[in-house]
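Contents: one structure, followed by commentary.
The values are calculated or read from the model by the stated rules, or taken from the named source; none is laboratory data. Just so you know, these numbers come straight off a predicted model, no measurement behind them. For neighbour counting, all protein chains shown are included, and Cβ atoms are generated from backbone atoms with ideal geometry for every residue, glycine included.
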Amino acid sequence: MQKASLLLRAAPLAALALLAACDSKPETVQSGLTDPTANEIAAAPKVTLPPALSASHAYRCKDNSLIYVDFFDDKISADLKTSKDGTATKLKAAEAGQPFEADGYKLTGNGTTVTYEAPGKGSQSCKA
């Protein structure tokens, strides 16, 4: 009985001795997988998204023709189509408020009335 009592008294001291031997620094555990291309991604140039569409209008011009224009929210880009299902011509303005131009096309304005000029044709007013 004395042996059992002695063991019971010594058990807490042995447990304390074991805990004192442990390293008290916090352990850092990395969970999950690491990305092998993380450095390449961090060094890649920033991606610039294209501007969002802000307005789309169909205009009837003085010569009774139709043009279709998509205006973008960067205020310097527009897509011009001379037929509803035609290929768009990308027009650019030097700065916001200036005429949109490209490949001999020129479009001034972006509201319900615009001035449109096509290659080989004069300038004309068009209304949405």
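Annotations
- Selection from the range 57-69 of residues that are more than 13 Å from V114 (Cα to Cα) and surrounded by 13 or more Cβ atoms within 10 Å (Cβ to Cβ): S65
- The single condition from (1) at pLDDT 90 or above; (2) out of contact with any Lys or Arg (no Cβ under 9 Å at 6 or more places or on another chain) that S5 fails is (1).
- When F72 is tested against the conditions (1) hydrophobic (A, V, I, L, M, F, W, C); (2) at pLDDT 75 or above; (3) exposed (fewer than 10 other Cβ atoms within 10 Å of the Cβ), the lone failure is (3).
- Residue count, the range 95-128 (criterion: basic (K, R) and in a loop (DSSP other than H, G, I, E, B)): 1
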